[in-house]
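*Asks:* Please read through the structure below; I'll follow up with questions.
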Amino acid sequence: MTALAHGSPLGGPRHGGMAARRAVVRWAGRMFRREWRQQLLVVTLLSVAVTGAIGSITIASNAVPADDGDFGSANLVLTFDGSDPQRLHAGLDAARRSFGSIEVIGHRSARVPGDVEKVDYRSQVPDGAFGGDLLALRRGSYPTGPDQVAVTNGVAASLRLQMGSILALDGRRRTVVGIVENPSKLSDEFALISPSSARPDGVSVLVEANAASRGSFYRSQGDRPDSAFSGSIEQGSDVSSAAETLAIFSVATVFILLASLVAAAGFAVVAQRRLRQLGMLAAVGGTQKHLRLVLLTNGAVVGVTAAVVGTVAGLALWVVFAPTLESAVDHRIGRLSLPWGLITMAVLLSVLAATAAAWWPGRTVSRLPVMLALSGRPPTPRPARHSAIAAVALLAAGIACLAVSGRDRAPLIVAGLVTTIVGSLLLGPLAIRTFSAVAVRVSIAPRLALRDLARYQARSGAALAAVTLALGIATALIVTASAEEAKAAAEPPTLSDRQLRVYLGPPDASKFTPVDAVAQLGRLGASVRQLAHQLDRATVIPLRKVMQPNARPFVLGDTRVIPPLELARRFDGAGGRKQYRAESQLLVATPAVLEYLGIDPAAVKPSTDFLTDRSVATGELVIPTFASHAEIAVANDQKIETGDHLFGSSSAPPNFVTLAGLRRHSWKQIPAGWLIESSRPLTHEEIGDARDTAAEAGLTIEVQSEGRSLATAKDIATAAGAVLALAILALTVGLIRSESAGDLRTLTAAGAGSNIRRTLTATTAGALALLGALLGVAGAYVVLLAMYYDDLGHLSGVPLSYLAVAVVGVPLAATAAGWLLAGREPPAIARRVIE
């Protein structure tokens, strides 16, 4: 009897081929629909990350200041003197011959009564050839006749103008018919008049020039000594585009990495929840590829869902923050002015990142023995030293790339940022192990929570990385903004927002003392006291300057003034003649001034002639005496701290002459006005009232010049980083605690109350938040120190209050939220879902 071996009638690939993969994909889809509630946290986590990515990309793409605030669509601005109309017309005709189409904008400065500021009367045609982007109507209408004017919001607030008000600073009464602005430069303040009524002092001409036309025009003006042409301003090369692209690319890269980390945390939980199901699939013949395909399919579905939700939420976030961003970047932003190509790329990369993030948990689960998978136990965590070694290597490489980039080599900057960020994130497992090592020193509930972080290292490590990245981004933005603010404030403002300086003369002679004011000092002092009475508990400090006894008054404009002595810097002028440039005021250290500065008169040495600020290098300064044509060295000086006590009219700190020094040098005192300081910041209404009072008395006031602050940008970065970190913590802590629900049920059955449950969740959230804050702040400073290693003074101003919010506030908020929201008892004590 012979037995024949017949071939199997079943053909096809050994592992099921495409049919098996389709079946696995369909099964994964059905599992997602069945468990959508359990995966809602994962989708929400990823949606938050995508929202942050889309919102930040749109904000970063529009956060670059406009480079056409003075040029519009032109690339060259010609300036002409408008005092001689005939010469001006000849110059404009020459410009037309050389450049063809031109746009003429007239300027005339008008003095504000009682103020050192001036208003620019600007004559400009709306929708001009090149300046259409430099003029926009916000309300009302453009001026069309000689008796109409439109003003910017700043001018309207400063002069307290409304629609229908009369403006007559230039001697002609005009009715305010509109509110206008320069959309490309919101800080540009002016009053717009019709070109037909303009009498410009100067003219700006916008042109589109090339090398040939520019050379032709310059040659034509160079041959005419009587030309009205006074100069030109050429638009710089477009380097902002590269910087903008680099910034957006960096933001997109970082947030896609954040999305991957968030997704990895979620898919690690999904893999653990499906561990028994995947074990059953392997037991019936599923290969490692089939097991990975289950999670990859789940990752793709979650990624698509989160990408749609996150994109909608990110665009909504952009619409909300766009008005705030406009004031920060000083130009208007179109709501649809978005990098749609980059947004599309970010959405696609988010889906790919979610799919890729599911690969690693799928790889880990697919390699587990079938019996271990069926038991539902989490895989043994990998030793933390492996990730620590990789982190050190990546940090070293990233720091090297950033250090040699010179802050201008885009590829090195991007490579350094990504490498340093990844290196910082790889320190997470070591940090978690360090925290779990101290668990033996705490009570039972915190000990369980800290050990659970190490036990579920895959998801807690990914969550820690996401929190670290969110707070690290916020820290980097805050530190950079603080450094830029400190750089802008290198020259201190002339006055604080609570101070008001009153001068005795008109604006053009504010640094001098009018001869007539000395005789009328009593009347002027009464007006100043009236002015101070209008403010809130204002302090009045009389100021006095120094003069030589034989100093002769001179006429400045229409005012006869007395020249005071000042500290100056000497330099050689034309022909080797000595010339001087004023550097600092020289005030008399009267008892009232010393009291205001907080200096005890007894602390001033009797031999001291001058009190100088510590920042003033007195050896480089002299006091020129124009009456005797001699110089007086600043000797016998004593250093003091003037701090924030500013006195106007100069960005340099004031210096003082003691009363004893006055006697030794035989100098005299002359009144120099008053300093008024309110107990709170001055409002526009109070400044307007003070200006009116000063104008009626023949005085001039000076207030703090309005500057743009980055405080709003820092507040937004702090709030966004904290909210994003707390959102990630809330969702990932929920995932981690849900995995230990069995332990929680056991504790409850053993008699543990709500305090134990609250402590478990609060410890988990607080530990992750504290670790993430420390790693995020440290990583941000590593990146910035590597980039600015040659200019560490740029980062010397540490924003302690903002960093305290990240390092202290976020962990406390996370701990408090975990304590308040985790007191509910489990619905069942010993129930476990049968898969």
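*Asks:* I'd like the full set of residues that are loosely packed, with under 14 Cβ neighbours inside 10 Å and either modelled with pLDDT under 70 or part of a loop (DSSP other than H, G, I, E, B) (or both), limited to the stretch 339-369. Show your work before the answer.
*Replies:* So in the stretch 339-369, the residues loosely packed, with under 14 Cβ neighbours inside 10 Å come out as 340-341, 344, 348, 367, 369.
If the condition is that a residue be loosely packed, with under 14 Cβ neighbours inside 10 Å and either modelled with pLDDT under 70 or part of a loop (DSSP other than H, G, I, E, B) (or both), then R367, P369 are the ones that fit.
*Asks:* Also, quick follow-up: Looking only at the stretch 108-118, decide whether some residue is in a loop (DSSP other than H, G, I, E, B), among the aliphatic types (A, V, I, L, M) and either at pLDDT below 85 or surrounded by fewer than 18 Cβ atoms within 10 Å (Cβ to Cβ) (or both).
*Replies:* Checking the stretch 108-118: at least one residue is in a loop (DSSP other than H, G, I, E, B), among the aliphatic types (A, V, I, L, M) and either at pLDDT below 85 or surrounded by fewer than 18 Cβ atoms within 10 Å (Cβ to Cβ) (or both).
*Asks:* For the stretch 474-562, please list each of the strands (runs of 3 or more DSSP E) lying entirely inside it that holds at least 3 residues being under 25 Å from P113 (Cβ atoms) and modelled with pLDDT under 80.
*Replies:* 554-556
*Asks:* I would also like to ask the following. Test A415 against the criterion of being in contact with a helix residue (DSSP H, G or I) (Cβ under 6 Å, 6 or more places away or on another chain), modelled with pLDDT of 75 or more, surrounded by 20 or more Cβ atoms within 10 Å (Cβ to Cβ) and assigned to a helix (DSSP H, G or I), and give yes or no. So that I can check it myself, show each step before the final result.
*Replies:* Working: in contact with a helix residue (DSSP H, G or I) (Cβ under 6 Å, 6 or more places away or on another chain): yes; modelled with pLDDT of 75 or more: yes; surrounded by 20 or more Cβ atoms within 10 Å (Cβ to Cβ): no; assigned to a helix (DSSP H, G or I): yes.
In short, no.
*Asks:* Please tell me if G779 is assigned to a helix (DSSP H, G or I), out of contact with any Asp or Glu (no Cβ under 7 Å at 6 or more places or on another chain) and either under 21 Å from D715 (Cβ atoms) or without any contact (Cβ under 8 Å) to a residue 60 or more places away in the chain (or both).
*Replies:* Judged against the criteria, G779 is not a match.
*Asks:* Considering only the stretch 170-178, I want to know if a residue exists there that is open to solvent by less than 30 Å² (accessible area, probe 1.4 Å), in a loop (DSSP other than H, G, I, E, B), of a type outside the set (D, E, K, R) and closer than 28 Å to A74 by Cβ.
*Replies:* Among the residues of the stretch 170-178, not one is open to solvent by less than 30 Å² (accessible area, probe 1.4 Å), in a loop (DSSP other than H, G, I, E, B), of a type outside the set (D, E, K, R) and closer than 28 Å to A74 by Cβ, which makes the answer no.
*Asks:* Checking R407 against (1) more than 30 Å from T44 (Cα to Cα); (2) modelled with pLDDT of 75 or more; (3) not small (G, A, S), which test does it fail?
*Replies:* With (1) more than 30 Å from T44 (Cα to Cα); (2) modelled with pLDDT of 75 or more; (3) not small (G, A, S) applied to R407, the lone miss is (2).
*Asks:* Residues in the stretch 785-810 that are hydrophobic (A, V, I, L, M, F, W, C), more than 19 Å from the chain's Cα centre (by Cα) and not in a helix (DSSP H, G or I): how many?
*Replies:* Final tally of qualifying residues: 0.
*Asks:* Mind listing just one residue for me: the one in the stretch 119-158 that is among the charged types (D, E, K, R) and in a loop (DSSP other than H, G, I, E, B) and, of those, least open to solvent (accessible area, probe 1.4 Å)?
*Replies:* Looking at the filtered set, the residue picked out is D147.
The values are calculated or read from the model by the stated rules, or taken from the named source; none is laboratory data. The shown structure was predicted, so the numbers you read here are calculated from the model rather than taken from an experiment. Positions of Cβ are backbone-derived with ideal geometry, glycine not excepted, and every protein chain shown enters the neighbour counts. Accessible surface is based on the protein model in full, side chains and every heavy atom, while ligands, DNA and RNA are left aside. Shrake-Rupley method; radii C 1.70, N 1.55, O 1.52, S 1.80 Å.
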